[in-house]
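What follows is a set of notes on a single structure, which appears directly below.
Each value in this text was obtained by applying a stated rule to the coordinates, not by laboratory testing. Source: prediction; values computed, not measured. Every residue, glycine as well, gets a Cβ built from its backbone with ideal geometry; the counts of neighbours run over all protein chains shown.
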Amino acid sequence: MIDLRSDTVTKPTPGMLAAMVAAEVGDEQYLEDPTVNELQRRMAALLGQEAALFVPTATMANEIALRTQTTPGSLLLAEELTHVLLYEAGGPAIHAGLVMRGVPAARGRVTPSQIAAEADLGPGGIVVLENTHRGSGGRVWPVDEFRASVDAARDRGAKVHLDGARLFNASVAAGLAPSEWARHADSVTICFSKGLGCPLGAVVAGSHDFVERAWTSKYLFGGAMRQAGVVAAAALYALDEHVERLADDHRRARRLAEGVGIDPGDVDTNFVPIDDPGDGIERLREQGVLVSGLRHGVLRAITHLGITDADVDQAIGSISRAFGAPYVRA
Ligand SMILES: Cc1ncc(COP(=O)(O)O)c(C=O)c1O
């Protein structure tokens, strides 16, 4: 089976496992885990923020940020397909008492005028921007558009959280440092268990004051750990070994798109959107390819650390057989 469901299916490589075994560790809650401390320091610098906090998942990172930055009863505004609205089990309402509002926006980019239209946003409310934007197929925000939306949120007195679970994909695709987006937000999530191939781990970054206050929610959510350096070592290894290679995933995604007749202009990073005839997942499984749903009527094939050029060639043949050769996007 060629598994193109998600970039989360990757397993730690031998080099990553060796780094985990060799990790120097201590009690994270006493701030005595040198590997966690090093990862937090490096991530804060990479994101252009003052400080960062290591947590088990990107969902927890997002929920910590929302709870730390907002006032209960306030508004959370985001594009309607963002992860915080759809896949965090109502967490923003449950943990932070936020009223969640999703708006449609091309390529996931909530516009300054959509933000300006929300008179009830601030103070106390928050705008969540996602980069890359998952629901639109891993699309990258142009920095100037991102900044304009951040400015519009500030004008409304609201905070801005960047869900950058796949920010390294955006960075590699655009040829820009992650901080080009991240430094403008009040808080930022970044995840290590997606394209970077770690078994788990994420950070949430922001000001010193934000991170100090974020510890309360880290405890509340059960995300305060002990010898977490074993996992942080995987993330440090990934920063050195698995960031630049994301360009290979992007190249393979474009190659896959071209091979099945999808406009490569629809592929910014490692997501290939495939129109779903209804039973597309089953048809592809019969041909030895696993994909998953992206949004209503659209499937996603995602390239990652475990996918080779040969896998892509095989997948092109399988998709063409499953949907009739050549596959043509409706
Ligand atoms: C944009 C985005 N944010 C957050 C998450 C949550 O990540 P995790 O599974 O580590 O909680 C995901 C996971 O797919 C995601 O795509």
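Annotations
- Under 5 Å between amide hydrogens, built in the peptide plane, is the criterion, and for HIS184 it picks out nothing among residues at least 5 positions away or on other chains.
- From phi via Karplus (6.51, -1.76, 1.60), per-residue ³J(HN,Hα) for the range 152-159 in Hz, x at Gly/Pro: 5, 5, 4, 4, 8, x, 9, 7
- When the Cα positions of ALA228, VAL243, LEU256 are compared along the charge dipole of the range 205-262, LEU256 comes out farthest toward the positive end, with charges on each C-beta of Lys, Arg, Asp and Glu.
- Here the range 85-210 is assigned +1 on the Cβ of each Lys and Arg and -1 on the Cβ of each Asp and Glu. Its dipole about the Cα centre then comes out at about 320 debye.
- With q set to 0.12, 0.26 Å⁻¹, the log10 of I(q)/I(0) for the range 159-218, from the Debye formula over equal scatterers at the Cα positions, is -0.30, -1.11.
- With Cα atoms as the point set, the range 239-330 shows a radius of gyration and Dmax of 12.7, 42 Å.
- Equivalent-ellipsoid semi-axes for the chain (Cα gyration tensor, √(5λ), whole Å, largest first): 32, 26, 16.
- Percent breakdown of C-alpha pair distances by 10 Å bin, ordered from the shortest bin, for the range 191-261: 17, 33, 29, 14, 7, 0
- Taking only Cα atoms of the range 1-61, radius of gyration then Dmax in Å: 14.6, 45
- With R₀ set to 35 Å, the beta-carbon distance separating ARG183 from ARG295 gives a calculated FRET efficiency near 0.70.
- Eigen-decomposition of the gyration tensor built on the alpha-carbon atoms of the range 1-126 gives equivalent ellipsoid semi-axes of 33, 21, 14 angstrom, largest listed first.
- Computed from backbone phi, the HN-Hα couplings of the range 241-251 come to 10, 10, 7, 4, 5, 4, 4, 5, 4, 5, 4 Hz, rounded to whole numbers (Karplus: 6.51 cos²θ - 1.76 cosθ + 1.60, θ = phi - 60°; Gly and Pro given as x).
- Translational diffusion of the range 118-185 was estimated from the Stokes-Einstein equation, with Rh taken as the Kirkwood radius over Cα pairs; at 37 °C and 0.692 mPa s the coefficient is 270 µm²/s.
- At the listed q of 0.24 Å⁻¹, the Debye profile of the range 34-86, built from one uniform point per Cα, gives log10 I(q)/I(0) equal to -1.02.
- Estimated FRET transfer efficiency (TRP215, ARG101; beta-carbon r; R0 22 Å; 0.05): 0.15
- Centre separation in Å (Cα based) which lies between the range 6-69 and the range 106-164: 25 Å
- Projecting the Cα atoms of ALA153, VAL21, SER207 onto the charge dipole of the chain (Cβ charges, centred on the Cα centre) puts ALA153 farthest toward the positive pole.
- Alpha-carbon radius of gyration plus Dmax, which is the widest Cα pair, for the range 144-262 in Å: 16.8, 50
- Remark: the range 40-52, residue by residue, has Karplus-estimated 3J(HN,Hα) of 4, 5, 5, 5, 4, 5, 5, 8, x, 10, 6, 8, 9 Hz, where x stands for each Gly or Pro and the curve is 6.51 cos²θ - 1.76 cosθ + 1.60 at θ = phi - 60°.
- Length gained when the stretch GLU38-ASP151 is fully extended (0.36 nm per residue, less Cα-Cα span): 37.5 nm
- Summed residue charge, Cβ within 12 Å of GLY164's Cβ, Lys/Arg positive, Asp/Glu negative: +1
- Taking Cβ atoms as reference points and 9 Å as the exclusive limit, the residues near GLY297 contribute a net charge of -1, counting Lys and Arg as +1 and Asp and Glu as -1.
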